[in-house]
Structures are given as structure tokens and as C-alpha cells.
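Asks: After the C-alpha cells below, expect a handful of questions from me.
Read-outs: derived from the displayed coordinates by stated rules, not from any lab. Just so you know, these numbers come straight off a predicted model, no measurement behind them. Don't worry about glycine lacking a Cβ; one is built from the backbone with ideal geometry, like all the others, and counts go over all protein chains shown.
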């Protein structure tokens, strides 16, 4: 029962869509109503409000970190084992992707995934972040960087955490993130994906 409580709490934390919350606080349009209609920091940035985009990014990362941190910090005292924490990892991510409070229309999960990985192991999170930054520097495409980082995350997880429930959760997390980027993958294959620093064209899908 305590494990279920942590899982449900993680999903509810993940369901806090900071793109929508921050946009409403700044008096901006609902990010689900313009651009890619993706409630994420990239789409919020299209409003021209950089602070709103930064707060969205930090909020989405923080909720992933918080849910996993709480499970790691307090779960053991209630009998929540590694499998339970792994379930919390997936629950908070699914909350972001399918938020209960916002009509199950969520973001793609890059920032939330980073927060989750930082909570599991700071070196794991930093390794994935460094991979994203290196890929972004080389190819200047945010979505491609996210896809590359997602592919490397399970390898880093295995190297740092070993083979277990956490690494399995990271594999599933990466697969979900790749699936959420299917429109970006199509744009990359057709050469239509927006590069970092370029103005997005109509119909572009941000990461």
C-alpha cells in the first residue's frame, strides 16, 4: 500500500504542467493552443518570454527530481524497495506526458527525464546532460540532441547503477521519450526540423 501511495503521488506531481501554469501566471496564451501545441519550454519560448520558458524548464525538471527524491529518501522507511522507486520513475514521467489536471495532454518529457536521472544519481544525470550539450553543439538541433541523449541514458545507467530495476526503468523511460519524439524524427528524416537559433516554421515540432 505505501508503494502505491508513492506511485500515485509521483503521477500527480508529474501532472503539474509548468508550461501551462507558468504561461497562465505570465498572462500568455495556453501553449497547447499555438505553435506545436506541445506544453513544453520550447513552445513557451515562442511567445518571446525567455523567463517563462526558463521557469517552465526548471519546473518540469524539478518535479521529476522531487518525486524520485522523496521515494529514495522516505520510501525505505515504508517498505518501498528498488522496484517501487523504479515504478515512481515511470509514474512521474507518465504524469508529465499524460497529466491528469490538464486533459492528459502533456509534453515530451526531456526536462522531466533529466530531473529524474539527477535524482537517481547525479553523475548519471550530468552524463546525460553533457551528452545533450555535446550533441547540440555538434548538430545544433535540440530534438536530435534529446534523442541521442535518450539512447545513451540506459548505457550510462548500466555503467553507473548496474543491471537492476533502476536501469530497466531508464530503458523504458528512454523508449517513451523516443516515442514522444516521433514527429521530430519524421521532421529530421525529411530535413524539416528547426535548428537551434533558427526561427521555427509553421508546423515544426519542438522537443
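Asks: Consider a paramagnetic label point 7 Å from the Cα of residue 171 along Cα→Cβ; state which residues of region 97-113 have an amide N under 14 Å from it.
Replies: Zone members listed by number: none at all.
Asks: Moving on to the next point. Over region 1-98, calculate the relative contact order: mean separation of alpha carbon pairs under 8 Å at least 6 apart, over the residue count, as a percent.
Replies: Numbers: 126 pairs, mean separation 43.3, N = 98.
It comes to 44 percent, rounded to a whole number.
Asks: What is the distance, in nm, between label points placed 7 Å from the Cα along the Cα-to-Cβ direction at residue 122 and at residue 140?
Replies: Result: 3.5 nm between the two label points.
Asks: Report, in degrees rounded to the nearest 10, the 0 to 90 angle that the Cα long axis of helix 50-74 makes with the longest principal axis of the chain.
Replies: Taking the Cα atoms of the chain, the angle to 50-74 is about 10 degrees.
Asks: Further question on the same structure: Rounded to the nearest 10 degrees, what's the angle between the helix 142-161 long axis and the longest principal axis of the chain, both from Cα atoms, 0 to 90?
Replies: Roughly 20 degrees, rounded to the nearest 10.
Asks: Shifting gears a bit: Can you match Cα Rg over 2.2 N^0.38 Å to one of these, [x] 0.99; [y] 1.17; [z] 1.05, based on a calculation from the structure here?
Replies: The value matching this structure is [x].
Asks: From the helices alone, meaning DSSP H stretches of at least four residues, give me the mean residue ellipticity at 222 nm for the chain, per-run term -39500 (n - 2.57), in deg cm²/dmol to the nearest 500. Kindly include the intermediate steps, with their values, before the conclusion.
Replies: On the way: 10 runs with 141 residues, N = 207.
-22000 deg cm²/dmol, from helical runs alone.
Asks: To test your reading of the geometry: what angle, between 0 and 90 degrees and rounded to tens, separates the Cα axis of helix 165-180 from the longest principal axis of the chain?
Replies: 20 degrees
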